[in-house]
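The values are calculated or read from the model by the stated rules, or taken from the named source; none is laboratory data. In this text, all values refer to a predicted model and were calculated from it rather than measured experimentally. Positions of Cβ are generated from backbone atoms using ideal geometry, with glycine treated the same way; all protein chains shown enter the neighbour counts.
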Ligand SMILES: Nc1ncnc2c1ncn2[C@@H]1O[C@H](COP(=O)(O)OP(=O)(O)OP(=O)(O)O)[C@@H](O)[C@H]1O
């Protein structure tokens with residue numbers, strides 16, 4: 001998406017004296033590059049930590065089954081089959097985990113809204129039949145309008161904040177042209193539609209929505225985010 005890294009060399013080669021070439025000390029990268037280095041480091045560390053945890057858990061599941069079988073009356077041959085069955089399931093589980101989700105995994109249904117960078121659609125996950133809202137964002141538009149970091153923050157926030165007041169994000173992925181956010185579908189409509197329909201809210205109903213709003217804002221503040229677009233169309 002962005003390519004600033006390409007024009008920021010971290011090491012340089014300096015020419016000195018008669019054709020002698022010496023390596024210059026590594027220059028410290030710009031703060032953006034350093035941020036990326038830190039993000040890549042964290043990604044790799046998290047990835048390997050998760051891998052180790054998975055291997056450990058898999059071993060424990062097998063050991064558990066072996067211990068249960070050892071103290072049971074199950075015939076030896078059946079025990080072997082049960083262990084093989086567990087291994088087969090574990091392999092299948094790993095295969096499913098490795099699957100990189102993409103837009104083809106969803107059946108696209110009706111358009112339910114338009115955002116700043118593209119449409120929002122109702123969609124059905126083919127494997128589970130679950131219904132979600134798919135927000136599609138055109139990457140080139142985001143770059144032109146300088147909104148990459150804001151969209152990244154929105155994605156991270158939805159993934160991090162587990163609050164019943166904040167729409168859930170189930171998956172995010174991208175292809176060459178678009179970013180996709182697969183979110184919980186909120187069928188009730190936004191606050192603007194409610195106000196247009198009801199005109200005036202009773203005190204109790206107004207209290208309810210104000211309380212929910214305060215809880216939503218509090219939950220994102222707890223994660224050190226601020227909402228820069230509080231309006232009747234961002235509450236559902
Ligand atoms: N999870 C959802 N469930 C149901 N409808 C949704 C959902 N997310 C978005 N929509 C619909 O799509 C519209 C646009 O989505 P959204 O407001 O998230 O886009 P945006 O890019 O932030 O737009 P803007 O910058 O104009 O506010 C919403 O007003 C709403 O009608």
- Message: Could you go through the range 109-118 and let me know if any residue there is within 14 Å of the ligand (Cβ to nearest atom), within 19 Å of the chain's Cα centre (by Cα), modelled with pLDDT under 95 and surrounded by 14 or more Cβ atoms within 10 Å (Cβ to Cβ).
- Response: yes
- Filtering the range 194-228 down to residues that are within 21 Å of the chain's Cα centre (by Cα) and within 16 Å of the ligand (Cβ to nearest atom), which residue is surrounded by the most Cβ atoms within 10 Å (Cβ to Cβ)? 216
- Query: Do we have any residue at all in the range 145-157 that's closer than 27 Å to residue 43 by Cα, near the ligand (Cβ under 10 Å from one of its atoms) and touching a helix residue (DSSP H, G or I) at 6+ places or on another chain (Cβ under 7 Å)?
  - Reply: yes
- Message: Against the condition surrounded by 10 or more Cβ atoms within 10 Å (Cβ to Cβ) and within 20 Å of residue 92 (Cβ to Cβ), how does residue 42 come out, does it pass?
- Response: no
- Message: I'd like the full set of residues that are farther than 18 Å from residue 102 by Cβ, surrounded by 13 or more Cβ atoms within 10 Å (Cβ to Cβ) and away from the ligand (no atom under 14 Å from the Cβ), limited to the range 160-191.
- Response: 160, 161, 163
- Query: residue 29 passes all but one of (1) surrounded by 11 or more Cβ atoms within 10 Å (Cβ to Cβ); (2) in a strand (DSSP E or B); which number fails?
  - Reply: (2)
